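The values are calculated or read from the model by the stated rules, or taken from the named source; none is laboratory data. The structure displayed is predicted, hence computed values, not measured ones. We place every Cβ from the backbone using ideal geometry, glycine too, and count neighbours over all the protein chains shown.
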Amino acid sequence: MNFRITRRGAIAAALAAPFVARAQAPWPTRPVRIILPFAAGGGTDVAARVYVPRLAELLGQPVLIDNRGGSGGNIGAEMVVRAPPDGYTLLLTSNGPSTVNRFLYKDMTFDPARDLLPVGQIFRIEQLLVVHPSLPAQTVAEFVALARARPGEITSGSGGSGSSIHMALELFKLRARVNLTHVPYRGGAPAMIDLIAGTIHSMFDSMPSSLPHIRAGRVRPLGMCGTRRHPLLPEVPTIAEAGVPGYDAGTWIAVFAPVGTPPEIVRRFSEVSAAALAEPALREGLARVGADAASSTPEQLAETMRRDTLQWGEVVREAGIVAN
């Protein structure tokens with residue numbers, strides 16, 4: 001399938017279409033359900049619960065979070081794909097289900113590029129490379145040199161094959177041209193426990209999870225996975241600026257709607273969300289839980305999806321990752 005043509009065509013049709021009769025009533029006139037395709041308590045869920053109350057105030061209707069985890073986010077995403085395109089069932093998800101899973105899961109019954117309409121990005125949850133303090137690497141460059149000198153000996157944990165931190169690892173291996181041994185766990189927390197214990201050497205992890213251990217000296221940060229330094233750790237460079245060009249594995253979170261949702265609903269949600277995320281109180285609230293407000297238009301989100309689809313497709317093919 002031609003992603004570029006399909007996605008841009010869907011966006012153009014949705015936003016340029018004339019007002020349709022089915023959306024004559026102002027939206028929303030009743031509660032809006034946002035499906036979050038992950039379990040409660042994770043980084044995305046915590047940040048979403050900071051964002052949603054202010055969104056509901058500006059929309060003038062309750063906004064309910066419905067956690068529907070499973071299959072790497074595919075179960076919740078498919079529920080939105082099959083929902084009526086009336087603006088009352090939306091998807092709040094990471095770039096995993098929307099751009100990565102199509103390469104990992106061979107039995108997906110829907111195509112995010114064809115069946116989900118981008119509404120807007122809302123925030124990013126940064127990830128970073130951390131190592132056990134005993135590892136003789138103080139910088140990303142030293143870590144790369146050590147991995148090249150000891151190919152396959154340096155281990156790196158993750159929350160499971162296909163998880164966001166696993167994908168960050170595989171992109172690092174590809175861009176830095178190093179051979180690290182992946183050690184998958186049943187979640188990021190068990191991996192962090194073993195990293196602190198020295199059972200594994202390194203890990204790519206989220207800011208909310210790593211920060212307490214960094215501050216306590218239990219792990220050492222080497223580089224941020226995104227495109228900029230983080231204000232909570234300003235002394236830690238990005239992996240790209242530390243010597244791995246083209247590296248960007250930051251996790252973005254965005255809202256999607258079923259294809260066919262009226263364009264005026266998409267535009268209203270996008271504009272209201274952007275207004276909420278521009279407020280200092282909400283931005284500060286997100287920052288406290290390790291998320292960074294980052295709103296976008298539907299068109300900008302579609303371009304981000306296109307770019308990420310190309311990158312993660314390459315990573316999955318090179319690494320030979322299969323989730324099912």
Fill in: Every residue from the range 169-182 that is in contact with a helix residue (DSSP H, G or I) (Cβ under 8 Å, 6 or more places away or on another chain), among the hydrophobic types (A, V, I, L, M, F, W, C) and at pLDDT 95 or above
A176, V178, L180
Worksheet entry | Single condition T139 does not satisfy, out of (1) farther than 27 Å from R288 by Cα; (2) not assigned by TED's automatic domain parsing to the domain that holds D292 | (1)
Worksheet item: Considering I253, I239, which residue is more than 19 Å from R102 (Cβ to Cβ) and buried (at least 20 other Cβ atoms within 10 Å of the Cβ)?
Response: I239
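For the range 117-131, does any single residue satisfy the condition of being more than 30 Å from G285 (Cβ to Cβ) and either of a type in the set (A, V, I, L, M, F, W, C) or in contact with a Gly (Cβ under 6 Å, 6 or more places away or on another chain) (or both)?
Within the range 117-131, one or more residues are more than 30 Å from G285 (Cβ to Cβ) and either of a type in the set (A, V, I, L, M, F, W, C) or in contact with a Gly (Cβ under 6 Å, 6 or more places away or on another chain) (or both).
Here is a check on your reading of the model: is G187 surrounded by fewer than 20 Cβ atoms within 10 Å (Cβ to Cβ) and either in contact with a Pro (Cβ under 6 Å, 6 or more places away or on another chain) or modelled with pLDDT of 95 or more (or both)? Can you show your working first?
Details: surrounded by fewer than 20 Cβ atoms within 10 Å (Cβ to Cβ): yes; either in contact with a Pro (Cβ under 6 Å, 6 or more places away or on another chain) or modelled with pLDDT of 95 or more (or both): no.
Spelling it out, it is not the case that G187 is surrounded by fewer than 20 Cβ atoms within 10 Å (Cβ to Cβ) and either in contact with a Pro (Cβ under 6 Å, 6 or more places away or on another chain) or modelled with pLDDT of 95 or more (or both).
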Worksheet entry | Conditions (1) outside the structural domain of G96 (by TED's automatic domain parsing); (2) in contact with a Lys or Arg (Cβ under 6 Å, 6 or more places away or on another chain); (3) at pLDDT 95 or above: number failed by E241 | (2)
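So, in the range 119-137, of the ones that are part of a strand (DSSP E or B) and closer than 17 Å to A191 by Cβ, which residue ends up modelled with the lowest pLDDT?
I125
Determine whether V289 is at pLDDT below 95, more than 30 Å from D107 (Cα to Cα) and among the β-branched types (V, I, T).
It is true that V289 is at pLDDT below 95, more than 30 Å from D107 (Cα to Cα) and among the β-branched types (V, I, T).
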Discussion item. Going by what's in this entry, would V80 be described as within 16 Å of P258 (Cα to Cα) and of a type in the set (A, V, I, L, M)?
Written reply: yes
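Any chance the range 92-103 includes a residue that's closer than 21 Å to R30 by Cβ, surrounded by 22 or more Cβ atoms within 10 Å (Cβ to Cβ), in the same structural domain as V289 (by TED's automatic domain parsing) and in contact with a Leu (Cβ under 7 Å, 6 or more places away or on another chain)? Break it down into steps so the answer makes sense when it comes.
Just the residues of the range 92-103 that are closer than 21 Å to R30 by Cβ, to begin with: 92.
With the extra rule that they be surrounded by 22 or more Cβ atoms within 10 Å (Cβ to Cβ), the set shrinks to 92.
Those left that are additionally in the same structural domain as V289 (by TED's automatic domain parsing): 92.
Then drop every residue that is not in contact with a Leu (Cβ under 7 Å, 6 or more places away or on another chain), which leaves 92.
Looking through the range 92-103, at least one residue is closer than 21 Å to R30 by Cβ, surrounded by 22 or more Cβ atoms within 10 Å (Cβ to Cβ), in the same structural domain as V289 (by TED's automatic domain parsing) and in contact with a Leu (Cβ under 7 Å, 6 or more places away or on another chain).
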Item to complete: Mind listing whichever residues of the range 129-163 are more than 26 Å from the chain's Cα centre (by Cα) and buried (at least 23 other Cβ atoms within 10 Å of the Cβ)?
Response: A147
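Please find, within the range 219-240, the residue that is farthest from the chain's Cα centre (by Cα) out of those that are free of Cβ contacts under 8 Å to residues at least 24 places away in the same chain and assigned to a loop (DSSP other than H, G, I, E, B). Don't jump to the end; show me each part of the working.
Going residue by residue through the range 219-240, those that are free of Cβ contacts under 8 Å to residues at least 24 places away in the same chain are 227-229, 234-235, 238, 240.
Those left that are additionally assigned to a loop (DSSP other than H, G, I, E, B): 227-229, 234-235, 240.
On the way: T227: 14, R228: 16, R229: 17, P234: 22, E235: 24, A240: 19 Å.
It comes out as E235.
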Item to complete: Being polar (S, T, N, Q) and over 22 Å from R124 (Cα atoms) is the filter; apply it to the range 190-229 and report the residue that is surrounded by the most Cβ atoms within 10 Å (Cβ to Cβ).
Response: S202
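Picking from I165, I193, I200, which residue would you name as being without any contact (Cβ under 8 Å) to a residue 12 or more places away in the chain, outside the structural domain of R283 (by TED's automatic domain parsing), among the β-branched types (V, I, T) and under 16 Å from V130 (Cβ atoms)?
Working: I165 fails: without any contact (Cβ under 8 Å) to a residue 12 or more places away in the chain; I200 fails: without any contact (Cβ under 8 Å) to a residue 12 or more places away in the chain.
Result: I193 is the single residue among I165, I193, I200 that is without any contact (Cβ under 8 Å) to a residue 12 or more places away in the chain, outside the structural domain of R283 (by TED's automatic domain parsing), among the β-branched types (V, I, T) and under 16 Å from V130 (Cβ atoms).
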